[in-house]
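In what follows, a single structure is set out as structure tokens and then discussed.
The values are calculated or read from the model by the stated rules, or taken from the named source; none is laboratory data. Treat the numbers as computed from the prediction; the structure is a model and nothing was measured. Counting neighbours? That spans all protein chains shown, and the Cβs are built from the backbone with ideal geometry, glycine included. Heads up: the accessible areas ignore ligands, DNA and RNA and are worked out on the full protein's heavy atoms, side chains in. Shrake-Rupley method; radii C 1.70, N 1.55, O 1.52, S 1.80 Å.
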Amino acid sequence: MVKEIVVPSEFISLSEAARQLDISRPTLYVRITQGLLTRYSVGGEARVLRAEVERLKQQAGGRPKKAGNP
């Protein structure tokens, strides 16, 4: 079985993810808790996959609703 290794450049910081999604870091943590994003530890730093952020942006029409709003 061959496993694909994700290279670090495919990860972005939580701050950068929040900025790209135009949400606060606490709201980003809600998205992670909801299972909409996966949090990884890369070199001891919290990161998310750039592709997941792009997917979330597309699903939300470019701007996710704030946490707690339907």
Residue satisfying all of: in segment 42-70; of a type in the set (S, T, N, Q) and at pLDDT below 90; surrounded by the fewest Cβ atoms within 10 Å (Cβ to Cβ) among these: N69
message: If a residue must be open to solvent by 50 Å² or more (accessible area, probe 1.4 Å), basic (K, R) and either within 15 Å of A60 (Cα to Cα) or assigned to a helix (DSSP H, G or I) (or both), how many such residues does segment 25-41 contain?
response: 1
message: Could you tell me how many of the residues in segment 25-39 are over 13 Å from L49 (Cβ atoms), among the β-branched types (V, I, T) and without any contact (Cβ under 8 Å) to a residue 24 or more places away in the chain?
response: 1
query: Within the set of pairs 6+ apart or on separate chains, which have a first residue in segment 1-24 that is in a helix (DSSP H, G or I), a second that is modelled with pLDDT under 90 and open to solvent by less than 60 Å² (accessible area, probe 1.4 Å), and C-beta atoms under 6 Å apart?
result: P8/V42; L21/P64
